[in-house]
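*Asks:* Below you'll find the structure I mean.
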Amino acid sequence: GAVVRRREASILVVLLALVVYFSLRTDAFFGRENAQVIAEFSAPIAIIAAGEVMLLICGEIDLSVGNVYAFSTWIFYFAATSWGFPIWLAVIAGLISGSIVGLTNGLITVFLHVPSFITTLGMIFLLNGLTLRISGAFPVEAPGGHTFFRIFGGAPYATSYWALGVIIVMA
């Protein structure tokens, strides 16, 4: 009875209904390939959500996290390919670019007293424009070679391991 009265119980009910529905619709739902696809596609979202939870705990929100993710990835790509950085330095450049965006959002919110909702809403459009401009709106192959690619997401469940690690650290 206590579980049903919690607000989160509705999410559990919907999840169970979806699992039952999809397991009845196809035999492949509980297959290894499907589990791998779900894990690979949900891991980046879980990593982003882990950081977003920290803001929500403070009573703030960041709407621009998806665009920061895309922008930082492009900075990493250009640092490794166009700017000639070694791969480890390109990773740091990508992380620093995301940190600068976060710092900018924080400074605008704290010192200019602009609500984080408005600040990050504006940052979405700025980063979306920058990312589209620098990327030419086309995907590219990840730099860094085979080993780098496998460690950071190319191997089965690699992104899931990263997500699990981030969630454990954040907890």
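*Asks:* Could you list, in sequence order, the residues of the stretch 135-147 that are assigned to a helix (DSSP H, G or I) and either open to solvent by 60 Å² or more (accessible area, probe 1.4 Å) or more than 30 Å from LEU55 (Cβ to Cβ) (or both)?
*Replies:* Matches in the stretch 135-147: GLY145, HIS146, THR147.
*Asks:* Given the residues ALA35, ALA17, which is the only one that is more than 30 Å from GLY102 (Cβ to Cβ) and either touching a Phe, Trp or Tyr at 6+ places or on another chain (Cβ under 6 Å) or at pLDDT 90 or above (or both)?
*Replies:* Sole residue among the options that is more than 30 Å from GLY102 (Cβ to Cβ) and either touching a Phe, Trp or Tyr at 6+ places or on another chain (Cβ under 6 Å) or at pLDDT 90 or above (or both): ALA17.
*Asks:* Next up: Would you be able to say whether some residue in the stretch 61-68 is of a type in the set (D, E, K, R), out of contact with any Pro (no Cβ under 7 Å at 6 or more places or on another chain) and modelled with pLDDT under 90?
*Replies:* Checked against the condition, which is being of a type in the set (D, E, K, R), out of contact with any Pro (no Cβ under 7 Å at 6 or more places or on another chain) and modelled with pLDDT under 90, the stretch 61-68 yields no hits at all.
*Asks:* Can you tell me which residues in the stretch 156-171 are in a helix (DSSP H, G or I) and either open to solvent by 70 Å² or more (accessible area, probe 1.4 Å) or touching a residue at least 24 places away in the same chain (Cβ under 8 Å) (or both)?
*Replies:* THR159, SER160, TYR161, TRP162, ALA163, LEU164, VAL166, ILE167, ILE168, VAL169, MET170
*Asks:* Restricting attention to the stretch 114-132, does a residue exist that is surrounded by 13 or more Cβ atoms within 10 Å (Cβ to Cβ), at pLDDT below 95 and β-branched (Val, Ile, Thr)?
*Replies:* Yes, the stretch 114-132 has at least one match.
*Asks:* Restricted to the stretch 141-155, and to residues that are in contact (Cβ under 8 Å) with a residue 12 or more places away in the chain and under 18 Å from the mean Cα position of the chain (by Cα), which residue is farthest from GLY98 (Cα to Cα)?
*Replies:* In this case the residue turns out to be GLY154.
*Asks:* Within the stretch 78-85, is even one residue under 16 Å from LEU130 (Cα atoms) and modelled with pLDDT under 95?
*Replies:* yes
The values are calculated or read from the model by the stated rules, or taken from the named source; none is laboratory data. Note that this is a predicted model, so its numbers are computed, not measured. As a convention, Cβ positions derive from the backbone with ideal geometry for all residues, glycine included, and neighbour counts pool all protein chains shown. Note: areas computed on protein heavy atoms with side chains; ligands, DNA, RNA excluded. Shrake-Rupley method; radii C 1.70, N 1.55, O 1.52, S 1.80 Å.
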